[in-house]
Every structure is written in structure tokens, then in C-alpha cells.
Amino acid sequence: MLYIVCEKGDPLKLTKAQWFSINQAQVTLRANGIDLPDKSVHVNQQLLQDIESIFFHLMQDIRNNLRLHSNIKSIYFIGHGIGGAYALITGLLWKFEQSRVWQKNLWPGIGLDKIRSMILTFGAPKIGNNKLSALIDRLTTHLRVTYGNDHVPHFPDDSMNWKHSGVEIWLQPSENCDCSEDSYFYWDCNNLSNPEERTYETNMECNAGQSITEVSDDLFHNGPYFGVIMGDCKEYYG
């Protein structure tokens, strides 16, 4: 059985460029309110604070569901856009919490050591520096889906020196792509299908290498991702 945690994005009516111009501060990653020993692991401050404000209640919900459904074997953290950024931080903090709770046997009767987790993001921005992305790649699995010339995965820009984590699947729309038709090409940007040749380096032949403009957000950010529009279909194709 699969347990899914879905993250909703920024509720304010801001473009992603505006959001990141307001929220540029970064801090050392904290787990359970305590800074990690490695002070060089940096994350977006506002994103971390947002997740910390709900994390205790989310852990209670996960604990209750694991007790109620003993056949849960996997937990997926999923989000789109800023919601994808929240999913990344939540999924990473869950790995620390899972280890802490299991070692101290704080959730007796729940086989936490058997629970696998994965982070799945769609059109997500970067959330921190290269030390953070390396930590995510070491502790969990992150599948990063991008679409066309979506400019949100380019935020923040290179001046911040932040880096994506995970392996990228880039969906490239065909000329006649519309809401009723699941028509696109997809690129395995990091050799996900071939573990022996897998890489976590940014592939400039995928989304990162595309020409980006402000209008790209409206045209590509909401997909479709594998045939699913993140929003009102008519708004984009009607």
C-alpha cells in the first residue's frame, strides 16, 4: 500500500520570479529544530519555516495512518511548483525523523525500517545549495519532472549558486499537444533507466538548456504532465 503526501504551492498571487525576489534568504538546514552539524548545508529560509510550522502535525498524521494501515510500504512526497519545493524539504526531513523515531522506538509496533520513501516533483524550483542537493540524493530518491520551456525550475538564477537534486525527466511537447491529447516526447536526462551510468549533474540538453522568458510560466509550467494539467485546461488551451 502507498501513502501519498501532496504539497500545495504558494497561495499568494505572485509570479515565481516575484516569490524568489522576496524570499532569497537561506539558512543552515535544521532537523527537529536543531541545526545539522554540517553548517554548509543551506536551504531557502522561508520554505523551511513554512514546513516546520506544519511538520509536527504531518508526522502525527503519518504515524496514525501507519498504525491504521499496517500494509503501507512506501511514502511518496509529491508537489508542483512551490509545492514541489515543499515536498523536497518535507521528504528530506522525514528521513531524519524516520531514523530518529526508529532508533528510539518512539512509534512501537510500526516497522519504520521497512518503509521506503520517494520525492516526486513537477516543475519545482531549486531549494538550496549543492551540499543540500547532494544530501537529498544520498538519503532519498527524487524524481524531478520538467516540461518544455518551463522557467520555474530555473529559479533562483545562477547568481545564487543553488543546484537541483534528483534525476530529471524532461517532457517536450509535440507541435499538436493539447488537453485532450497526451502527446509529448520525454527525455531521460540522467540515465534513470540505466543505474550504472546514472548521473546527478544538470543536463543542459533538457530543461536547463532551454530559452526562458516570463511567458514560459503560463505556457509550460502547468503541463500537461503525463496527460495531466495542473490547473484549468481551458485557461491554457481554450
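Below are the figures for this structure:
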read-out: Residues satisfying the stated conditions in the stretch 67-92, i.e. open to solvent by less than 10 Å² (accessible area, probe 1.4 Å) and touching a Phe, Trp or Tyr at 6+ places or on another chain (Cβ under 8 Å); value: 72, 75, 77, 79, 81, 82, 84, 87, 88, 90, 91
read-out: Residue selected from the stretch 128-162 under the condition assigned to a helix (DSSP H, G or I), closer than 25 Å to residue 96 by Cβ and open to solvent by 20 Å² or more (accessible area, probe 1.4 Å), by the criterion modelled with the lowest pLDDT; value: 160
read-out: Residues (basic (Lys, Arg) and either without any contact (Cβ under 8 Å) to a residue 60 or more places away in the chain or in contact with a strand residue (DSSP E or B) (Cβ under 6 Å, 6 or more places away or on another chain) (or both)) located in the stretch 48-81; value: 63, 67
read-out: Boolean, residue 119 is touching a residue at least 60 places away in the same chain (Cβ under 8 Å) and crowded, with 16+ Cβ neighbours inside 10 Å; value: no
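The values are calculated or read from the model by the stated rules, or taken from the named source; none is laboratory data. Please read these numbers as outputs of a predicted model, since none were measured by experiment. Cβ sites come from the backbone with ideal geometry, for glycine too, and all protein chains shown count toward neighbours. SASA here: full protein model, heavy atoms, side chains in, ligands and nucleic acids out. Shrake-Rupley method; radii C 1.70, N 1.55, O 1.52, S 1.80 Å.
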